[in-house]
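Q: My structure is below; once you've seen it, I'll send some questions.
The values are calculated or read from the model by the stated rules, or taken from the named source; none is laboratory data. Computed from a predicted model, the values in this text were never measured in an experiment. Using ideal geometry, Cβ is built from the backbone for each residue, glycine included, and neighbour counts are taken over all protein chains shown.
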Amino acid sequence: MVDRKLNQRQLKILYFIRSRQRTTNLDIKKYLEEESISISRITITRDINNLLADDLIKREGKGRTIWYQEEAKEILRYFDVDSYFKQNLDQRNVTFSHFNFKIFRELKGLFNQNEIKKLKELNNDYLQRIKKLPTSIVKKEFERLTIDLSWKSSRIEGNTYSLIDTEILIKENKEAVGHKKEEAIMILNHKKAIDYILNEKENFKKITVRKIEDIHGLLTQELGISKGVRKSLVGVVGTRYRPIDNEFQIKEALEKTVKIINTVGNPLLKSLIAILLISYIQPFEDGNKRTSRMLGNALLLAYSFCPLSFRSIEEVDYKKAMILFYEQNSARFFKELFIEQFNFATNNYFL
């Protein structure tokens, strides 16, 4: 379901094809020879077939006039994440240092039909299981998922509570020794937001800006964070990307986000778009990524899809995927993580 990681030779071929309008097998062989890479025609063909299978390039023409072009739209462009982030902040070639309003046109084709089919199969298995489970077990599983999600979502934001400490805090309301009060509040706020979403599932079949603000309000209670759309500039750590700094444009972007989420039919796509765009717009003073994750789960739950706990995700991968979306408007890496987490959730909860 997730793209295979390309080797260095395949990356060179992909980037070479990306740099040209039309590329033939002979062009690729000459290029690799110039790069001192000795390779047979069979291996080149195998590499090209791998790129074709991952929808990274497309083949045109027939017979001896076959040539290749990059297939992926900008929104799904492949980047070698390790190489990209080996460059420091000021060395990276950032395509979008400011908010790109054209992004709203690009988001509807994030999943291909094969991905949607496999994800729906996973969800159907989840639905069949949950129907057979006693109500008491379903309740306990949602409690377990709430603990995992509250812990990991907070962890992504720098919270240092362990999973065990989070469980004790949520179940027994006992704060862990040696941690700031704000860390406990952040985790408990997650629980409040999740409880609200679970109790109001049907309400999230149609999103409004007010509903997004309500989730944000619950997540940021008692943390000294202003409610409502921000009126000043915010920076994002680890990137030169700067979100919108105009209050009216922020509101416009939020309205466009609501419109596209409500227009899209597939709940998985609704969820992915919500997570990406709320993080990209950064509509609030703080708590944006937390809000995006809760909104994404609200949309999944509204349409009877398994929610994500993000428990197995590496925080650094989450942050890299989001920065890649900010700087290059490529959602490919984040989509891969989303698919992995949906796979994890459907295979680890409500068994």
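Q: Take residue 220 and decide whether it is farther than 25 Å from residue 324 by Cβ and surrounded by 22 or more Cβ atoms within 10 Å (Cβ to Cβ).
A: Judged against the criteria, residue 220 is a match.
Q: A follow-up question, please. Among the listed residues 116, 57, 137, which satisfies the condition of being out of contact with any Ser or Thr (no Cβ under 9 Å at 6 or more places or on another chain) and more than 22 Å from residue 267 (Cα to Cα)?
A: Exactly one of 116, 57, 137 is out of contact with any Ser or Thr (no Cβ under 9 Å at 6 or more places or on another chain) and more than 22 Å from residue 267 (Cα to Cα), namely 137.
Q: Could I ask something else about it? Go through the residues of the stretch 98-105 one by one and say whether even a single one is touching a residue at least 24 places away in the same chain (Cβ under 8 Å), assigned to a helix (DSSP H, G or I) and over 30 Å from residue 56 (Cβ atoms).
A: Looking for residues that are touching a residue at least 24 places away in the same chain (Cβ under 8 Å), assigned to a helix (DSSP H, G or I) and over 30 Å from residue 56 (Cβ atoms), one finds none in the stretch 98-105, hence no.
Q: Of all helices (runs of 4 or more DSSP H) completely enclosed by the stretch 125-208, which ones contain at least 3 residues that are not assigned by TED's automatic domain parsing to the domain that holds residue 267?
A: none
Residue-wise test of (1) surrounded by 14 or more Cβ atoms within 10 Å (Cβ to Cβ); (2) touching a Lys or Arg at 6+ places or on another chain (Cβ under 7 Å); (3) not aliphatic (A, V, I, L, M).
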| residue | (1), (2), (3) |
| --- | --- |
| 146 | yes, yes, yes |
| 168 | yes, yes, no |
| 184 | yes, no, no |
| 187 | yes, no, no |
| 198 | yes, no, no |
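Q: Given the criterion under 24 Å from the mean Cα position of the chain (by Cα), surrounded by fewer than 21 Cβ atoms within 10 Å (Cβ to Cβ), in a loop (DSSP other than H, G, I, E, B) and at positive phi, identify the matching residue among 265, 228, 235.
A: 228
Q: With the requirement that a residue be surrounded by 22 or more Cβ atoms within 10 Å (Cβ to Cβ), outside any helix (DSSP H, G or I) and of a type outside the set (S, T, N, Q), what does the stretch 298-328 give you?
A: The answer is 305, 306, 307, 308, 310.
Q: Still on this model: Of 11, 26, which residue is surrounded by 14 or more Cβ atoms within 10 Å (Cβ to Cβ) and of a type in the set (A, V, I, L, M, F, W, C)?
A: On inspection, the qualifying residue turns out to be 11.
Q: Also, quick follow-up: Within the stretch 283-301, can one find any residue that is farther than 25 Å from residue 201 by Cα, in contact (Cβ under 8 Å) with a residue 12 or more places away in the chain and not charged (D, E, K, R)?
A: Among the residues of the stretch 283-301, not one is farther than 25 Å from residue 201 by Cα, in contact (Cβ under 8 Å) with a residue 12 or more places away in the chain and not charged (D, E, K, R), which makes the answer no.
Q: Any residue in the stretch 179-199 that is within 17 Å of residue 213 (Cα to Cα) sitting within a Cβ distance under 9 Å of a residue that is aliphatic (A, V, I, L, M) and surrounded by fewer than 17 Cβ atoms within 10 Å (Cβ to Cβ)? List the pairs, counting only those 6 or more apart or interchain.
A: Listed pairs, sorted by first residue: 186/223; 189/223.
Q: Going through the stretch 244-253 one residue at a time, which ones are in a helix (DSSP H, G or I) and buried (at least 20 other Cβ atoms within 10 Å of the Cβ)?
A: Scanning the stretch 244-253 gives 250, 253.
Q: With respect to residue 290, determine if the residue is assigned to a helix (DSSP H, G or I), under 20 Å from residue 151 (Cβ atoms) and not aliphatic (A, V, I, L, M).
A: yes
Q: Taking the stretch 145-196, which residues are of a type in the set (Val, Ile, Thr) and under 20 Å from the mean Cα position of the chain (by Cα)?
A: Of everything in the stretch 145-196, those that are of a type in the set (Val, Ile, Thr) and under 20 Å from the mean Cα position of the chain (by Cα) turn out to be 146, 156, 194.
Q: Just to be sure before I move on: is residue 178 surrounded by fewer than 13 Cβ atoms within 10 Å (Cβ to Cβ) and over 22 Å from residue 283 (Cα atoms) in the structure I sent?
A: It is true that residue 178 is surrounded by fewer than 13 Cβ atoms within 10 Å (Cβ to Cβ) and over 22 Å from residue 283 (Cα atoms).
Q: Now a separate question. For the stretch 1-82, list the helices (runs of 4 or more DSSP H) that sit wholly inside it and hold at least 1 residues that are on the phi > 0 side of the Ramachandran plot and among the polar types (S, T, N, Q); which are they?
A: Hits in the stretch 1-82: none.
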